[in-house]
Ligand code: NAD
C-alpha cells in the first residue's frame, strides 16, 4: 500500500515557515517583500490562479500588487508596465499570468522581465542557471515536486528517475533538478517507445503529461515513489491526474493524490522564490 504524500499539508507547512521568515525579515530590515502579478484579459481560470496568488501573499505577509489589464492591451502597454516594475526597487517579483490573449508575444514578455525579479523562473537566463546548477530561483512546479520527493525521505542520489513529459515549465527543468541531486534521469515524451518498460525501471516516477490515467499500476516498479503533476478534467467535471490512482497506489511506496498533491506546492514555491528574490535585493542594497 502506497503512503499518500499530502501536498496540501506540506504546502501549508512551507507557507507557515515562509511567514515566520518574512516576519523576521520585516522586523530586521523594515522592508516588506512585494510580488506584482499582471493579468491580461479575462480568462476565468487565470483569474482564479491570480486570486490564489494574492491570497498566499497576504497570508505570508508580502505586499501584493495586482495589475488587471484588458484583453485589448497592446504589446507596448504591457512592455511599459513591465519596464516600470523592473525599475521599481520596492518590487521583488514580477509574474505575468499565462496564457496571454492572442496578439501578445509571450516570449518577448518573458525576456523583458528582469531575471532577478523573474519568480516564475521562465527567463532563458534563469533557465540556463537552473541547468548549470547555480540558480537560487527554480521553476515553481518542478521545485514543488522536489519538495514532495524530499518529504518521503527517499534520497534521489543514484536512483532511476523517470520524468514523463518534456515541457519547458515542468518536464525539462524537473529533469535538471533531479540531475542536480544525482538522480539517473530519463525523460519520456510522446515519441517514447514502450513507455511502460521505461516507467518500470523508475525508483522515482513523475508524470507531467495531461492525459488522465496514462500511467497504470502495471507500469510502476513495486516500491517506487510516484508523483502525479497532471491535471485533467473527467467528463463529470472532477479533477484527476495522469496516474490511475486505484491501480498505482497498491504498487507504489509513496504516491501523490490529485487534487491535493503537486497543485498546492506550486504556489508555495512561488512564494519561496519571492522571498529569495527579496533577500537578494536587500543584500544588493547592503541591508
Ligand atoms: P505540455 O502539454 O506542455 O507537455 C506535455 C508533455 O507530455 C509533452 O512533452 C509531450 O511530449 C508529453 N506527452 C504527450 N503525450 C504523451 C504520451 N502518450 N506519452 C508520453 N508523453 C506524452 O504540458 P505541461 O504544461 O508540462 O503540463 C503537463 C500536465 O501537468 C498538465 O496536465 C498540466 O495541467 C499539469 N500541470 C500542473 C501543474 C501544477 O501546479 N500541478 C503545473 C503545470 C502543469
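Scan segment 173-217 for residues that are in a loop (DSSP other than H, G, I, E, B), in contact (Cβ under 8 Å) with a residue 40 or more places away in the chain and in contact with a helix residue (DSSP H, G or I) (Cβ under 7 Å, 6 or more places away or on another chain) and report the count.
Final tally of qualifying residues: 1.
Give just the number: which of (1) in contact (Cβ under 8 Å) with a residue 12 or more places away in the chain; (2) not in a loop (DSSP other than H, G, I, E, B) does residue 166 not satisfy?
Failed condition: (2).
So, in segment 132-163, exactly how many residues are in a loop (DSSP other than H, G, I, E, B) and either closer than 18 Å to residue 204 by Cβ or within 10 Å of the ligand (Cβ to nearest atom) (or both)?
Going residue by residue through segment 132-163, those that are in a loop (DSSP other than H, G, I, E, B) are 133-139, 152-159.
Pick out the ones that are also either closer than 18 Å to residue 204 by Cβ or within 10 Å of the ligand (Cβ to nearest atom) (or both) and you get 138-139, 152-159.
The total comes to 10.
Being buried (at least 17 other Cβ atoms within 10 Å of the Cβ) and within 17 Å of the chain's Cα centre (by Cα) narrows it down to one of 7, 2, so name that one.
Working: 2 fails: within 17 Å of the chain's Cα centre (by Cα).
The conditions single out 7.
Which one is nearest to the chain's Cα centre (by Cα) among residues in segment 251-280 that are farther than 30 Å from residue 86 by Cα and away from the ligand (no atom under 14 Å from the Cβ)?
Ranking the qualifying residues of segment 251-280, first place goes to 255.
Conditions first: (1) part of a loop (DSSP other than H, G, I, E, B); (2) within 18 Å of the chain's Cα centre (by Cα). Residue 126 passes all but one, so which condition is the exception?
(1)
Just to be sure before I move on: is residue 212 buried (at least 24 other Cβ atoms within 10 Å of the Cβ) and touching a strand residue (DSSP E or B) at 6+ places or on another chain (Cβ under 9 Å) in the structure I sent?
No; evaluated as a whole, the condition is false for this residue.
Could you run through segment 227-281 and say how many residues are surrounded by fewer than 17 Cβ atoms within 10 Å (Cβ to Cβ), over 30 Å from residue 200 (Cβ atoms) and touching a residue at least 60 places away in the same chain (Cβ under 8 Å)?
1
If you take the residues in segment 164-186 that are surrounded by fewer than 19 Cβ atoms within 10 Å (Cβ to Cβ) and over 18 Å from the mean Cα position of the chain (by Cα), which one is farthest from the ligand (Cβ to nearest atom)?
182
Of the conditions (1) more than 14 Å from the ligand (Cβ to nearest atom); (2) within 17 Å of the chain's Cα centre (by Cα), residue 104 satisfies every one except a single condition; which number is it?
Looking at each condition in turn, residue 104 falls short on (2).
Provide a single number: the residues in segment 187-201 that are more than 6 Å from the ligand (Cβ to nearest atom) and buried (at least 17 other Cβ atoms within 10 Å of the Cβ). Walk me through it before giving the result.
Quick first cut of segment 187-201, residues more than 6 Å from the ligand (Cβ to nearest atom) only: 187, 191, 193-194, 196-201.
Filter once more, keeping what is buried (at least 17 other Cβ atoms within 10 Å of the Cβ): 187, 198-200.
Looking only at that region, the number is 4.
Please work out if residue 119 is within 30 Å of residue 182 (Cβ to Cβ), modelled with pLDDT of 95 or more, within 16 Å of the ligand (Cβ to nearest atom) and buried (at least 20 other Cβ atoms within 10 Å of the Cβ).
yes
Could you tell me whether any residue of segment 218-231 is in contact with a helix residue (DSSP H, G or I) (Cβ under 9 Å, 6 or more places away or on another chain), part of a helix (DSSP H, G or I) and either modelled with pLDDT of 95 or more or within 14 Å of the ligand (Cβ to nearest atom) (or both)?
yes
The values are calculated or read from the model by the stated rules, or taken from the named source; none is laboratory data. This structure is a prediction, so every number in the text was calculated from the model and none was measured. No Cβ is skipped: glycine too gets one built from the backbone with ideal geometry, and neighbour counts run over all protein chains shown.
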